Amino acid sequence: MSHSMSTALSVNLNKVALVRNTRPLGIPSVLLAATRCLDAGAHGITVHPRPDQRHIRPHDVQELSALLAKDWPRAEFNIEGNPFHNLMDFVRELRPHQATFVPDSETQSTSDHGWRFPEDAERLRPLIAETRALGVRVSLFMDPEPAMMAAAKAVGADRVELYTEGYAASRGAAQADAVLQRYVETARAAQAAGLEVNAGHDLSLDNLTAFLRAVPGVREVSIGHAFVSDALEIGYAAATREYLRRIDEAQ
């Protein structure tokens, strides 16, 4: 049975900016990377601008928003971040297609956990309502816990993004099937609650197809670190086509 016919590929460009920021030369270009990926068939672009500006910076977010609006009106722009840090400034100014709320601290090297309910419910609720009132879809970064899905819907989210590091780390281990089944159950619980499902973190060419074959109804995968690593070896266009092929293979 095909689960992935409508799965979109959103390329996260943070690591392109990370390399650029090591020298004051403006290369590699984040805008060129986006153009090459979209030319090759990517469905959208993701960025996660952190307060310390270690990779994606405010001007990148603004320039990407303008590029997509002008040249790629059908491509999705997804801005990730903590709504209690700097994410809401971008949401209010740019009104991207999707805002992915992530509960990371300012010192984390990368996202490593999802929101918790009921602990986070009351502080998230007004920001979710504001974001949706601006016409922006809200996705909550969540651990694969089926019992949390109804609560994510109750605070107003449109989607959840399943944090997939646990899946990626378990590949080849004795518990791999049980870990993957947890994602299957969480996706089903989300959909039963009225949520759509995204997924991201450590997805790669090696594990993407198996995930999409097993987990029902994944609308979007956001892939950055592995994608940019592959693009360093084979180029942006070829990497995009390879990821799209892995998505197609899941059907």
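Within segment 243-251, is even one residue buried (at least 16 other Cβ atoms within 10 Å of the Cβ) and closer than 28 Å to residue 124 by Cα?
no
Give all pairs with beta carbons closer than 6 Å in which a residue from segment 205-217 that is farther than 16 Å from residue 244 by Cβ and of a type outside the set (Lys, Arg) meets a residue that is at pLDDT below 95 and assigned to a loop (DSSP other than H, G, I, E, B); count only pairs at least 6 apart in sequence or on separate chains.
Note: pairs meeting the criteria are 216/3.
Of the numbered conditions (1) modelled with pLDDT under 95; (2) within 23 Å of residue 44 (Cβ to Cβ); (3) among the acidic types (Asp, Glu); (4) over 17 Å from the mean Cα position of the chain (by Cα), residue 104 fails exactly one; give the number of that condition.
Looking at each condition in turn, residue 104 falls short on (4).
Among the residues of segment 216-239, count how many are crowded, with 18+ Cβ neighbours inside 10 Å and in contact with a strand residue (DSSP E or B) (Cβ under 7 Å, 6 or more places away or on another chain). Walk me through how you get there before you give the answer.
Step one: list which residues in segment 216-239 are crowded, with 18+ Cβ neighbours inside 10 Å, which gives 218, 220-224, 226-228, 230-231, 236, 239.
Those still in the list that are in contact with a strand residue (DSSP E or B) (Cβ under 7 Å, 6 or more places away or on another chain) too: 218, 220-224, 227.
Counting residues in segment 216-239 that are crowded, with 18+ Cβ neighbours inside 10 Å and in contact with a strand residue (DSSP E or B) (Cβ under 7 Å, 6 or more places away or on another chain) gives 7.
Is there a residue being under 19 Å from residue 213 (Cα atoms), of a type outside the set (Phe, Trp, Tyr), assigned to a helix (DSSP H, G or I) and without any contact (Cβ under 8 Å) to a residue 24 or more places away in the chain anywhere in segment 114-135?
Checked against the condition, which is being under 19 Å from residue 213 (Cα atoms), of a type outside the set (Phe, Trp, Tyr), assigned to a helix (DSSP H, G or I) and without any contact (Cβ under 8 Å) to a residue 24 or more places away in the chain, segment 114-135 yields no hits at all.
Residues are listed down the side, and each one gets a yes or a no for (1) farther than 19 Å from residue 100 by Cβ; (2) of a type in the set (Val, Ile, Thr); (3) within 15 Å of the chain's Cα centre (by Cα):
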| site | (1), (2), (3) |
| --- | --- |
| 25 | yes, no, no |
| 36 | yes, no, no |
| 39 | yes, no, no |
| 56 | no, yes, yes |
| 68 | no, no, no |
| 77 | no, no, yes |
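In segment 59-98, how many residues are touching a Phe, Trp or Tyr at 6+ places or on another chain (Cβ under 8 Å) and either without any contact (Cβ under 8 Å) to a residue 12 or more places away in the chain or among the small types (Gly, Ala, Ser) (or both)?
Total satisfying the criteria: 2.
Suppose the filter is aliphatic (A, V, I, L, M) and within 24 Å of residue 140 (Cβ to Cβ); does residue 25 pass it?
No; evaluated as a whole, the condition is false for this residue.
Would a scan of segment 118-135 turn up a residue that is crowded, with 18+ Cβ neighbours inside 10 Å and of a type in the set (Gly, Ala, Ser)?
No - not one qualifying residue is present in segment 118-135.
Scan segment 164-207 residue by residue and report those that are in a helix (DSSP H, G or I), aliphatic (A, V, I, L, M) and closer than 22 Å to residue 140 by Cβ.
Listed by number, the residues that qualify are 168, 169, 179, 180, 184, 187, 189, 190, 192.
The rows are residues; the columns are (1) under 26 Å from residue 56 (Cβ atoms); (2) touching a Gly at 6+ places or on another chain (Cβ under 6 Å); (3) among the acidic types (Asp, Glu); (4) at pLDDT 95 or above.
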| site | (1), (2), (3), (4) |
| --- | --- |
| 149 | no, no, no, yes |
| 155 | no, no, no, yes |
| 159 | yes, no, no, yes |
| 168 | yes, no, no, yes |
| 182 | no, no, no, yes |
| 193 | no, no, no, yes |
| 213 | no, no, no, yes |
| 220 | yes, no, yes, yes |
| 239 | yes, no, no, yes |
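Any idea which of 192, 168, 147, 173 is of a type in the set (A, V, I, L, M), more than 24 Å from residue 76 (Cα to Cα) and free of Cβ contacts under 8 Å to residues at least 24 places away in the same chain?
From the options 192, 168, 147, 173, the qualifying one is 173.
The values are calculated or read from the model by the stated rules, or taken from the named source; none is laboratory data. Remember, predicted model here, so these are calculated numbers, not experimental data. Ideal geometry is used to build each Cβ from the backbone, glycine not excepted, and the neighbour counts take in all protein chains shown.
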